[in-house]
Each structure stands twice: as C-alpha cells, then as structure tokens.
Amino acid sequence: MAKIQAIRGMHDILMQDTPRWQYLEESINSILKQYAYQEIRLPIVEKTELFKRSIGDNTDIVSKEMYSFDDRNKSSLTLRPEGTAGCVRAGIEHGLFHNQTQRLWYIGPMFRHERPQKGRQRQFHQIGVEAFGFAGPDIDAEQILMCARIWKMLNLSDISLEINSLGTSESRANYRKILVDYLSSNKERLDEDSLVRLEQNPLRILDSKNPEMQTLINGSPTLDEHLDSESADHFAGLRTILDDAGIEYKVNPRLVRGLDYYGKTVFEWITNQLGAQGTVCAGGRYDGLVEHHGASPTPAVGFAMGLERLLELTDFTNMPDKQSPHAYLILSGEQAAERGILLAEQLRDQLPRLRILSHCGGGSLKSQFKKADKSGAQLALVLGEDEIAQNQVSIKFLRSDSPQTVIKWPEIANFLSTSLQI
C-alpha cells in the first residue's frame with residue numbers, strides 16, 4: 001500500500017509552528033484595525049471563468065498554474081489562485097459597491113501549480129487588502145503606509161519599496177505598440193515565453209526573470225515616457241504623500257506585475273533575504289475590474305502579502321508564549337480525578353485568561369510531574385486525597401526556586417492571578 005502523505009507543495013502546519021502563525025496574523029490584524037479595514041471571508045473555490053476574466057487568459061496563473069476541475073454538475077471550478085477576483089465578485093453580488101466605499105481585508109490559502117521552492121508553495125497563504133470607491137492617490141498612499149507600519153511592528157528592516165504607474169488602458173495601448181515594435185526588431189533575442197507574450201501580453205516580457213533577457217529589457221522604451229496626464233498627475237500625487245511621510249522608495253519603470261487587471265499605481269515590497277522569491281508584498285490599482293464584470297465603474301486598489309515569506313523574515317525570539325499552560329493540574333487517586341475536573345472548570349470561570357492543563361489518563365505522581373515540566377507550565381497544582389480532605393491544593397513552582405506552598409480552595413484563584421500576573 002502506498003504511503004499516505006501530503007500533496008507536493010502543500011504542507012501541514014504543526015502545533016509547534018502555529019504560535020508563530022498566530023503571532024504574525026494577530027500583529028497584522030492589529031494594524032488593519034488601526035486603519036478601520038473590515039474582514040470579509042471568501043470561498044476557496046470559485047467559477048473558473050471568474051479568474052479567466054479577472055486575471056487574464058494569457059497570464060501564467062491562468063494558462064499554467066490554476067487548479068481547475070469539473071464538479072458533478074459539469075461546471076468548471078477553480079481553487080482560488082489569488083483573492084482580488086473573489087473579493088470583487090462578492091462585492092458585486094452583495095451590492096457592496098453601490099454608492100458606497102469599502103475598505104476590506106481577507107486571509108486564507110491560495111493555490112497555484114508551481115514548482116515548489118523556498119518561499120513558493122502550491123498551497124500558500126496570503127492576507128489581502130482591498131479598497132473600493134476611492135479614485136485619488138491618497139488611498140494608494142494609505143495602503144503603502146499601512147505596509148510600512150506592519151514592517152515596523154514586525155521589526156523588519158531589510159524590505160524596500162518599488163513603485164510605478166502603468167497608466168490608463170489607453171496609454172498602455174499606445175505604449176504596447178511602441179514596445180512591440182522594439183521587441184519585434186529584436187525577436188531573435190526573445191526566449192520561448194517571451195515569444196508567446198509578444199503576441200498576447202508584451203508588457204509581461206518586462207517582468208521576465210530570465211538573466212539572458214535583462215540587457216534587452218533594460219534597453220526597452222519605458223512606459224513613464226508615454227503616460228497620459230491623468231496618470232502622471234496621480235503618480236505625482238502619490239509620490240508627494242510618500243515623500244512627506246518619509247517613505248523611501250524607488251521608481252522602477254519596468255515594474256508591471258503579473259496580472260492583467262492592474263492600471264496606474266503598482267508597487268512591490270522586496271527583500272534580498274529570500275533568494276529568488278524576493279517579493280514579500282505587492283499590489284496596485286485595478287480601476288476597471290469591477291466594471292469589467294458588469295457592474296458600475298468603481299475605482300479600486302489593493303495588495304496581498306505572503307505569510308510564508310513573512311514568517312521567514314520575522315524574528316520570533318521575543319514572541320510572548322501564549323500556548324504553554326500557566327498551570328498543570330496533577331491528580332492523584334480516583335477521587336482527585338473527579339474533583340480535579342470541577343476545580344479546573346471553576347478556575348477557568350474565575351480566571352478567563354488562565355491556561356490550565358488538567359491531567360487525564362492516570363499515572364504515577366512522578367510521571368505526571370514529568371509531563372507537567374514538559375508542558376512548559378509555570379506551576380504544578382497537586383490534588384490528592386490529603387488535599388481533598390483538607391480542602392486545599394499544593395502548589396509547586398516549576399520554573400523557579402520558590403518553595404512549595406499549600407493554598408485553600410477559596411484562595412486559589414487570587415493566588416494564581418497574583419503569581420502568574422493574569
């Protein structure tokens with residue numbers, strides 16, 4: 001029989017690792033609350049057509065990487081490869097954009113059939129942030145400032161910001177002709193992927209990571225030389241706000257992002273600590289996407305950050321321990337096992353923040369003390385026949401040299417609150 005194991009590129013997150021995930025998620029969530037963004041929870045599976053229309057048939061994600069399948073009704077469904085399309089679908093379906101502005105965020109797994117490597121898995125996790133109904137550069141700046149605040153909270157210093165403007169669809173169409181002329185005149189220098197993109201989406205060639213293509217790409221005409229006045233003013237407004245806020249950035253005229261729906265502002269936060277997978281967070285404007293799906297025109301901007309990559313960068317040395325129990329309840333004898341469950345429940349009622357692990361399964365006092373020490377608890381609460389007879393509990397300190405003591409039942413909660421500072 002074949003060994004049962006996880007699918008390649010999809011990993012279990014085990015108990016010893018979940019505290020780091022929780023710390024990271026809670027830290028980012030606290031920043032999102034500061035900016036009054038609201039959480040929306042979206043399905044993992046959507047109709048395939050949603051992603052084809054949103055992301056673009058000719059993108060690598062749609063053409064090569066999506067997990068798509070037919071359900072029992074012969075409908076083509078896809079495990080979501082990104083979150084923006086589903087957020088737009090939900091907003092249209094539930095009327096969230098009609099004469100309203102929305103600041104939304106979501107969290108969860110995304111799926112792409114890529115070659116697994118450090119910082120890139122087939123099931124990966126993102127926090128996405130989207131704002132709808134805001135046309136000016138102020139909301140673009142707000143989201144970039146939000147990212148900077150997150151990096152500061154996580155004490156991440158080696159992350160740099162690159163920004164660009166892709167202009168309106170009209171200016172991109174004009175630039176596309178110029179770029180195609182340039183690339184066509186150098187067709188013999190294009191790799192296989194670029195030859196396909198030349199016909200379908202030539203701007204994506206600028207995003208090529210092929211080292212042999214970089215000289216050609218660096219010599220190509222840039223979009224900033226062909227921006228329309230509206231986009232140029234928008235980009236200038238964004239830069240003014242970032243300058244005033246003291247945010248360092250680099251204007252990268254070849255930053256195009258890999259999704260068709262972007263226009264005007266695009267940005268990436270990158271690091272050199274993760275090898276080839278250096279993008280930690282990326283986003284931009286997609287003012288035409290809501291209208292593209294049949295709803296009223298709605299300006300929009302958003303970004304997504306990869307949690308696996310942030311986990312690689314974050315120092316968890318001083319992370320507070322919120323998983324180990326404060327106290328381990330050791331029970332000696334049948335009567336103690338019965339009374340101990342009730343004592344633990346009483347203490348949880350009196351001290352809602354108390355983490356108490358009640359021993360189950362019997363065993364000697366010696367083995368229970370070993371388990372108490374291994375659990376990481378600060379205190380062992382010992383309940384045996386003598387303690388029950390005298391209506392008290394023995395307290396042994398597991399992480400200090402403080403002497404063992406005995407506490408009457410009515411005083412236990414107050415003692416634990418003071419000793420554990422909870």
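The values are calculated or read from the model by the stated rules, or taken from the named source; none is laboratory data. Quick caveat, the model's predicted, so the values are computed rather than measured. In this analysis, Cβ positions are derived from the backbone assuming ideal geometry, glycine residues included, and neighbour counts consider all displayed protein chains.
Observations
- From the list Ser402, Ser394, the one residue that fits, being modelled with pLDDT of 95 or more and not aromatic (Phe, Trp, Tyr), is Ser394.
- For the stretch 210-231, the count of residues that are touching a Lys or Arg at 6+ places or on another chain (Cβ under 9 Å) and small (Gly, Ala, Ser) is at least one.
- Qualifying residue in the stretch 303-319 (condition: in contact with a strand residue (DSSP E or B) (Cβ under 7 Å, 6 or more places away or on another chain), outside the structural domain of Ser375 (by TED's automatic domain parsing), buried (at least 21 other Cβ atoms within 10 Å of the Cβ) and among the aromatic types (Phe, Trp, Tyr)): yes
- As for the stretch 284-295, it holds at least one residue that is out of contact with any Lys or Arg (no Cβ under 7 Å at 6 or more places or on another chain), assigned by TED's automatic domain parsing to the domain that holds Arg115, at positive phi and in contact (Cβ under 8 Å) with a residue 24 or more places away in the chain.
- Within the stretch 306-315, if we keep just the residues that are closer than 13 Å to Leu274 by Cβ and not in a helix (DSSP H, G or I), the residue that is farthest from the chain's Cα centre (by Cα) turns out to be Thr314.
- Test: residue in the stretch 139-151 that is touching an Asp or Glu at 6+ places or on another chain (Cβ under 8 Å) and buried (at least 18 other Cβ atoms within 10 Å of the Cβ): no
- In the stretch 143-192, the qualifying residues are those that are of a type in the set (S, T, N, Q) and free of Cβ contacts under 8 Å to residues at least 12 places away in the same chain, and the one that is farthest from Gly237 (Cα to Cα) is Ser185.
- The lone exception for Ser160 - which of (1) over 21 Å from Asp224 (Cβ atoms); (2) surrounded by fewer than 21 Cβ atoms within 10 Å (Cβ to Cβ); (3) within 20 Å of the chain's Cα centre (by Cα) it fails: (1)
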